[in-house]
Amino acid sequence: MRSSNPVFSRRGFGRDNGYAGFNTAPQAGGPAVATQANPYAQPTGNPYAQNPYAQQQQYGAPPQAPATAGRMTIDDVVMRTGTTLGVLIVTAALAWALLPVDDANIGRSYGIGIGSALIAMVLGFVQAFKRKASPALILTYAAFEGVFLGVISSVVDNRIADGAAMQAVLGTMAVFAGVLVAYKAGWIRVNRRFYGFVMAAALGFILLMAVNLLFAVIGGGDGLGFRSGALGVLFGVVGIILGACFLALDFKQVEDGIAYGAPREEAWLAAFGLTLTLVWIYLEFLRLISILNSD
């Protein structure tokens with residue numbers, strides 16, 4: 001089973017091809033359970049067995065904590081994620097300050113924001129399907145994504161709801177902290193059933209949003225109304241909940257990578273995946289706030 005996040009499905013974090021998967025590593029530090037489904041039952045089952053820094057896992061043995069230079073640690077993930085988000089925040093602040101959204105300049109600012117979003121999307125797809133992390137590519141993605149977020153946040157904050165951007169930031173931080181606490185406490189159990197439910201819900205959500213956008217383009221207005229009014233509020237909440245579920249999946253992927261000795265470069269992929277999820281949650285909060293203040 002592949003990861004919900006295309007970033008993690010390329011190396012080390014994949015859910016099939018013998019890579020770290022559900023029921024293979026203990027959640028929140030618990031002991032591993034030897035089952036027939038354990039891809040680590042064979043010495044060659046470790047996806048990092050060829051990595052000179054990785055130690056082969058024995059059948060049914062708990063994963064060893066990384067103690068050798070060259071293996072990914074939680075500090076590596078935190079530092080790379082902080083760097084990626086830092087670049088995104090800086091470019092968002094610059095876009096907010098340098099791209100005014102008054103009546104005379106909003107068209108140009110919108111154009112730059114949309115163009116940046118398209119470039120970020122292309123860069124994101126390129127990195128998602130690369131077999132190795134490219135720090136330069138990831139940071140460039142973050143820079144362009146930041147420009148888009150800066151423009152759209154400025155529009156909502158200045159023209160729809162004063163303080164919306166800060167509210168969305170606080171909401172995103174609260175969701176991140178809440179999911180992290182719930183995951184580490186074991187209140188969220190990431191297993192195959194959880195994964196399947198989240199992926200099915202996400203697929204349905206994306207398809208509905210695509211249909212709504214298609215009707216909006218063809219017929220104008222709000223399409224089927226999934227992004228406005230009461231339905232818009234409902235789908236905004238659903239989008240935030242889905243983002244929270246993706247965070248739990250991301251935490252599980254990172255935990256598996258650390259437990260099974262992923263090389264340090266994989267921390268950039270973890271940072272990229274977490275950034276994608278946080279951007280999703282932030283945009284859903286921003287959309288929800290704009291809907292609530294547009295009536």
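Structure values in brief
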item	result
Enumeration of residues in region 243-284 that are within 21 Å of Pro135 (Cα to Cα), out of contact with any helix residue (DSSP H, G or I) (no Cβ under 6 Å at 6 or more places or on another chain) and either basic (Lys, Arg) or not in a helix (DSSP H, G or I) (or both)	Gly261, Ala262, Pro263, Glu265
Gly261 vs. criteria within 30 Å of Ala136 (Cβ to Cβ), crowded, with 17+ Cβ neighbours inside 10 Å, of a type outside the set (Lys, Arg) and touching a strand residue (DSSP E or B) at 6+ places or on another chain (Cβ under 6 Å)	yes
Selection count where residues are surrounded by 12 or more Cβ atoms within 10 Å (Cβ to Cβ) and either in a helix (DSSP H, G or I) or in contact with a His (Cβ under 7 Å, 6 or more places away or on another chain) (or both), scope region 215-234	7
Identity of the residue in region 144-199, under 22 Å from Val87 (Cβ atoms) and of a type in the set (Asp, Glu), that ends up nearest to the chain's Cα centre (by Cα)	Glu145
Residue selected from region 281-295 under the condition among the hydrophobic types (A, V, I, L, M, F, W, C), buried (at least 18 other Cβ atoms within 10 Å of the Cβ) and over 14 Å from Met166 (Cβ atoms), by the criterion modelled with the lowest pLDDT	Ile291
Conditions (1) among the small types (Gly, Ala, Ser); (2) touching a helix residue (DSSP H, G or I) at 6+ places or on another chain (Cβ under 6 Å); (3) assigned to a helix (DSSP H, G or I); number of the one not met by Ala133	(3)
Some residue of region 169-190 being hydrophobic (A, V, I, L, M, F, W, C), farther than 19 Å from Tyr282 by Cα, touching a helix residue (DSSP H, G or I) at 6+ places or on another chain (Cβ under 9 Å) and in a helix (DSSP H, G or I)	yes
Failed item, numbered, when Asp162 is tested on (1) of a type in the set (Asp, Glu); (2) in a loop (DSSP other than H, G, I, E, B); (3) within 27 Å of Asp250 (Cα to Cα)	(3)
Matching residues, region 84-111, being buried (at least 17 other Cβ atoms within 10 Å of the Cβ) and part of a helix (DSSP H, G or I)	Thr84, Leu85, Val87, Leu88, Thr91, Ala92, Ala95, Trp96, Ile106, Ser109
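Conditions tested, residue by residue: (1) surrounded by 13 or more Cβ atoms within 10 Å (Cβ to Cβ); (2) out of contact with any Gly (no Cβ under 6 Å at 6 or more places or on another chain).
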residue	(1), (2)
Met166	no, yes
Val179	yes, yes
Leu213	yes, yes
Gly236	yes, yes
Gly257	yes, no
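The values are calculated or read from the model by the stated rules, or taken from the named source; none is laboratory data. Computed from a predicted structure; not experimentally measured. No Cβ is skipped: glycine too gets one built from the backbone with ideal geometry, and neighbour counts run over all protein chains shown.
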